[in-house]
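All remarks here apply to the structure that follows.
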Amino acid sequence: MKLLLPTLLIFCTSLYSQHTLSFKEGSDSPKATIDQVAWMTGHWKGEAFGGITEEIWSPPLGGSMMFSFKHVADGKVTFYELGHIKETENTLLLQLKHFNGDLTGWEEKENTVDFKLVKLEDNKIYFDGFTMERISEKEVNIYVVIGHKDGTEEEVKFNYKKQ
């Protein structure tokens with residue numbers, strides 16, 4: 001019993017700190033429209049990976065919201081992401097592509113990194129391994145599961161303030 005309580009406490013704490021969800025293959029994404037995530041519109045800045053991060057989200061138009069992401073460390077752009085959330089089949093899909101600082105792509109030109117919608121709440125949108133959370137009109141958190149070369153994964157938090 002003495003060993004069970006600390007193990008259970010660690011397990012429950014790790015569940016509580018997890019902010020992302022996984023899409024279960026064979027299930028369906030919930031119905032959603034782009035207007036339900038319009039609160040992401042704007043120019044956002046934060047810090048991560050030893051540098052400054054910036055995201056710019058356009059307002060909904062044509063069934064999508066496009067975004068750009070930039071990471072700057074030591075005064076230089078280390079990488080970009082370009083992408084969108086789009087309406088498709090009565091739900092939402094987040095798609096993106098990565099680029100080095102010189103705009104050479106990480107993915108093949110026909111490929112995107114896709115995140116299926118898992119769950120939608122008033123102030124949170126859960127994609128597969130990618131969560132957006134509205135804290136206030138001027139602050140959001142984004143949680144992303146990042147895979148490492150050794151096969152491990154970690155959830156990374158990006159805190160942004162509206163500019």
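For segment 87-96, does any single residue satisfy the condition of being surrounded by 16 or more Cβ atoms within 10 Å (Cβ to Cβ), farther than 15 Å from Ile34 by Cβ and within 17 Å of the chain's Cα centre (by Cα)? There is at least one residue in segment 87-96 that is surrounded by 16 or more Cβ atoms within 10 Å (Cβ to Cβ), farther than 15 Å from Ile34 by Cβ and within 17 Å of the chain's Cα centre (by Cα). For segment 22-83, the strands (runs of 3 or more DSSP E) that sit wholly inside it and include 1 or more residues that are in contact with a Gly (Cβ under 7 Å, 6 or more places away or on another chain) and over 15 Å from Phe115 (Cα atoms) are 51-57, 64-73. Being at pLDDT below 95 and either at positive phi or not in a helix (DSSP H, G or I) (or both), is that true of even one residue in segment 5-13? The answer is no, given that none of the residues of segment 5-13 is at pLDDT below 95 and either at positive phi or not in a helix (DSSP H, G or I) (or both). Can you spot a residue in segment 74-82 that is of a type in the set (Phe, Trp, Tyr) and touching a residue at least 12 places away in the same chain (Cβ under 8 Å)? Within segment 74-82 (the criterion being of a type in the set (Phe, Trp, Tyr) and touching a residue at least 12 places away in the same chain (Cβ under 8 Å)), the answer is yes, since at least one residue qualifies. Would you confirm, using the coordinates I've provided, whether Ile52 is more than 25 Å from Glu153 (Cβ to Cβ), free of Cβ contacts under 8 Å to residues at least 60 places away in the same chain, surrounded by fewer than 16 Cβ atoms within 10 Å (Cβ to Cβ) and β-branched (Val, Ile, Thr)? No, not satisfied.
The values are calculated or read from the model by the stated rules, or taken from the named source; none is laboratory data. Small disclaimer: the values here were computed from a predicted structure and weren't measured. All Cβ positions, even for glycine, are placed from backbone atoms using ideal geometry, and neighbour counts span all protein chains on display.
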